[in-house]
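The values are calculated or read from the model by the stated rules, or taken from the named source; none is laboratory data. If you're wondering where the values come from, they're calculated on a predicted model, not measured in any experiment. Cβ coordinates were reconstructed from backbone atoms using ideal geometry, including for glycine residues, and neighbour counts include every protein chain displayed. Please note that ligands, DNA and RNA were not included when accessible areas were found on the heavy atoms of the full protein model with its side chains. Shrake-Rupley method; radii C 1.70, N 1.55, O 1.52, S 1.80 Å.
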Amino acid sequence: MELSANAKINLTLDILRRREDGYHDLQMVMQAVTLADTLTVTPAQGAEGQAVSDLHFLPTGDKNLAQMAAAAFREAAGLGGEVDVSIQKHIPVCAGLAGGSADAAAVLIAMNRLTGAGLSPAGLAKIGERVGSDVPFCVLGGTALAEGRGELLTPLSSLPPCHIVICKPPFSISTPQLFGRVNVRKIVRRPDTAGVIAALDAGDLAGVARRMYNVFEDVLERRRSAEINEIKAALIDCGALGASMSGSGPSVFGLFDSRDSAQNACARLRETYRDVFLCAPAR
Ligand code: ATP
């Protein structure tokens, strides 16, 4: 079975509080995008399932999120044998785009179909929680408000049709380090989450775009922050209605109503960066 696994971007990312258990309560408007990995899921050749990808540095065995999802499905549904998963990666790794979670979600969907288990998307999302907090959103897709650690989902009105340019600069940012740097009481700038939701309801793309923000942008190291801001400025300069960092970065995206402007932005960013993608909202 062949499937595609869509990446996500954060239209907003806010941190509401630090919990007793050490995790943070988040509030994020998430959007699935058409930038996607391609997965082939087949019954395992050997006694144990393998995950192989075209990126040599990704784990191949039970540390691959796709294999973790297969194991979680077997345990929760009590159905299904070992599977081999072959992954063509297009979503950059450690980029704030939930690439691994997208692969995990695709495997859950494949196992559900292959076994005829007939679990609902909500049932699959619940299984996905065991694999990672972005997996439930990746199962449901579309546009959603994600709360708690990201697993509490409320579907939202769809993002109006638009062109999305994503640029991943060539460094990675440690998510635990970023959380460590956030002092929830000292967050100065926050996204207008309610305003973004109202703009989605009104089908107002520009209204969504100008209210986007990611609170992690405030706690980046100075030189990282400068580079993220340069990419945002280039996107806006090329006509983006708004630009923001996705997840814990370093990917930055811009929303465009004009395809020509989005293509120009891609061309300009490709002069400096290798990982630049033009995509669209995925429903
Ligand atoms: P998020 O946005 O959810 O924080 P991310 O985009 O920052 O995710 P991923 O690309 O999902 O990060 O990968 C994170 C880690 O997961 C990497 O260390 C990678 O080695 C590991 N990993 C395991 N399986 C996969 C997979 N199938 N695809 C990508 N990464 C995987």
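Among G180, G207, G61, the largest mean-square fluctuation in a Gaussian network model of the chain, built with springs joining Cα atoms closer than 10 Å, belongs to G180.
Note on R130 and E48: with the Förster distance fixed at 22 Å, the Cβ-Cβ geometry gives a FRET efficiency of about 0.70. As a length-normalised measure over Cα pairs under 8 Å and 6 or more apart, the relative contact order of the chain settles at 22 percent.
Diffusion coefficient of the chain by Stokes-Einstein, Kirkwood radius over Cα pairs, 10 °C, 1.306 mPa s: 83 µm²/s. The relative contact order of the stretch 203-276 comes to 28 percent, based on Cα pairs under 8 Å that sit 6 or more residues apart.
Only DSSP H runs of four or more residues enter the estimate; each adds -39500 (n - 2.57), and after division by the residues of the chain the mean residue ellipticity at 222 nm equals -10000 deg cm²/dmol.
Taken over the alpha carbons of the stretch 196-240 as equal point scatterers, the Debye sum produces base-10 log I(q)/I(0) values at 0.26, 0.30 Å⁻¹ of -0.92, -1.00. Working value for the stretch 78-192: equivalent-ellipsoid semi-axes of 28, 18, 16 Å, each the square root of 5 times a Cα gyration tensor eigenvalue, largest first.
Would you mind counting up the charge near G239? Only other residues with Cβ under 12 Å from its Cβ, with Lys and Arg at +1 and Asp and Glu at -1. Around G239, the surrounding residues sum to -1.
Ordering K186, K8 by accessible surface, largest first, gives K186, K8; the 1.4 Å probe counts only protein heavy atoms, with every chain in place.
When +1 charges are put on Lys and Arg Cβ atoms and -1 charges on Asp and Glu Cβ atoms, the dipole computed for the stretch 220-283 relative to its Cα centre reaches about 160 debye. Taking every protein chain into account, the 1.4 Å probe leaves T60 with about 70 Å² of accessible area, to the nearest ten. Taking the chain as a Gaussian network of alpha-carbon nodes connected by springs under 10 Å, the highest mean-square fluctuation of the residues A77, A32, A125 belongs to A77. Each residue, E230 and S157, gets one label point 7 Å from its Cα in the Cβ direction; the gap between the two is 3.8 nm.
Atom-type composition of the exposed protein surface of the stretch 89-239 places 51 percent of the accessible area on carbon and sulfur (1.4 angstrom probe).
Taking S4, S133 and ordering them by how much accessible surface each has at a 1.4 Å probe, largest first, produces S4, S133. The average projected area of the stretch 166-228, computed from the convex hull of its Cα atoms over all directions, is 5.4 nm². If you count Lys pairs in the chain whose Cα atoms are under 26 Å apart, skipping same-chain pairs closer than 8 places in sequence, the total is 13. The heavy atoms of E217 present about 20 square angstrom of accessible area, all protein chains included, probe 1.4 Å.
Think of a 1.4 Å ball rolled over the protein heavy atoms: the stretch 1-144 then has 42 Å² of accessible area per residue.
Accessible surface calculations at 1.4 Å, restricted to protein heavy atoms, place the stretch 189-250 at 41 Å² per residue. Amide hydrogen proximity for A44: with H placed 1.01 Å from N in the peptide plane, the residues at 5 or more positions away or on another chain lying under 5 Å are E82, V83, D84. Within the stretch 134-283, the proportion of Cα pairs with more than 21 Å between them is 46 percent.
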